[in-house]
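Enquirer: Supplied in structure tokens, the structure appears directly below.
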Amino acid sequence: LLPRLSRRNFRERGLELRARLLRRDGTTFSGSVEVRLSPTVPGGMVYVFRDLTEQTRLELELRDSETRYRTLVEGLAQGVFIARDGTLVYANRALHLLSGLEGETLEGKPLRDFVATRDVLLVQEALAGVQAAAAPGTGSSLRGTWLDASRQPVAQVRIEISQVQHGG
């Protein structure tokens, strides 16, 4: 710990790490230890210990919830995607199959590459309308032609647009 503090950036900012800590009664808990040089005592250090049990529990619940949600969405027969600024950031397996890109990634590709030219403006207007509303639950629905990776029409689809929070 001390050799790390001798580095300049640690002298200026200190050090914080998460670890399993031990209570006096012998039980362990998730915690963090923050070590900083004392601003008032030359050569002294300030140690701050925090109990992160509740935070760790919430993080675990969130990961479990995300895993359940991803499993549900991945198991759907319908294609599901999340787009940000017109770019796909998530697509489930069914959408990969529909697009003829099983085993490849759709993430990072423009949504317009998979929508027929005659439908692109409708989709962009619907996206803009939902984004402008900025109210949770606001949505739009339209029909259009989905294209595969070679830009060939593969299906008439209903596109449901709504705002979601997506972290990845």
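Enquirer: Please label the shape of segment 51-115 as rounded, prolate or oblate, based on the square roots a ≥ b ≥ c of the eigenvalues of the alpha-carbon gyration tensor (a/c under 1.5 means rounded; beyond that, a/b larger than b/c means prolate, else oblate).
Expert: It is prolate, given that a/c is not under 1.5 and a/b is the larger ratio.
Enquirer: With charges only on Cβ, +1 for K and R and -1 for D and E, what is the dipole size of segment 26-158 about its Cα centre, in debye, rounded to 20?
Expert: Computed about the Cα centre, the dipole is about 260 debye.
Enquirer: Quick one: helix 53-75 against the long Cα principal axis of the chain, what's the angle to the nearest 10°, folded into 0 to 90?
Expert: 20 degrees
Enquirer: Tell me the relative contact order for the chain as a rounded percent, counting alpha carbon contacts under 8 Å between residues six or more apart.
Expert: So the answer I get is 12 percent.
Enquirer: At 222 nm, what helix-only mean residue ellipticity would the chain give, in deg cm²/dmol to the nearest 500, using -39500 (n - 2.57) for each DSSP H run of four or more?
Expert: -10500 deg cm²/dmol
Enquirer: Between 0 and 90 degrees, rounded to the nearest ten: what's the tilt of helix 117-133 against the longest Cα principal axis of the chain?
Expert: In the chain, helix 117-133 runs at an angle near 40 degrees to the longest axis.
Enquirer: Can you give the relative contact order of segment 16-96 as a percent, counting alpha carbon pairs under 8 Å and 6+ residues apart?
Expert: With pairs under 8 Å counted, the relative contact order is 17 percent.
Enquirer: Give, as a single signed number, the net charge of other residues whose beta carbon lies under 15 Å from the beta carbon of R50, with Lys and Arg counted +1 and Asp and Glu -1.
Expert: Within the 15 Å Cβ shell, the charges total 0.
Enquirer: Check which residues have an amide H placed less than 5 Å from Q163's amide H, if you skip close sequence neighbours.
Expert: The answer is G137, T138.
Enquirer: Additional query: If a/c stays under 1.5 just call it rounded; otherwise compare a/b with b/c (prolate if a/b is bigger, oblate if not). Do that for segment 24-168, with a ≥ b ≥ c from the square roots of the Cα gyration tensor eigenvalues.
Expert: It is prolate, given that a/c is not under 1.5 and a/b is the larger ratio.
Coordinate-derived values only; no laboratory data. It should be emphasised that the depicted structure is a prediction, and the values quoted were computed from it without experimental measurement. Don't worry about glycine lacking a Cβ; one is built from the backbone with ideal geometry, like all the others, and counts go over all protein chains shown.
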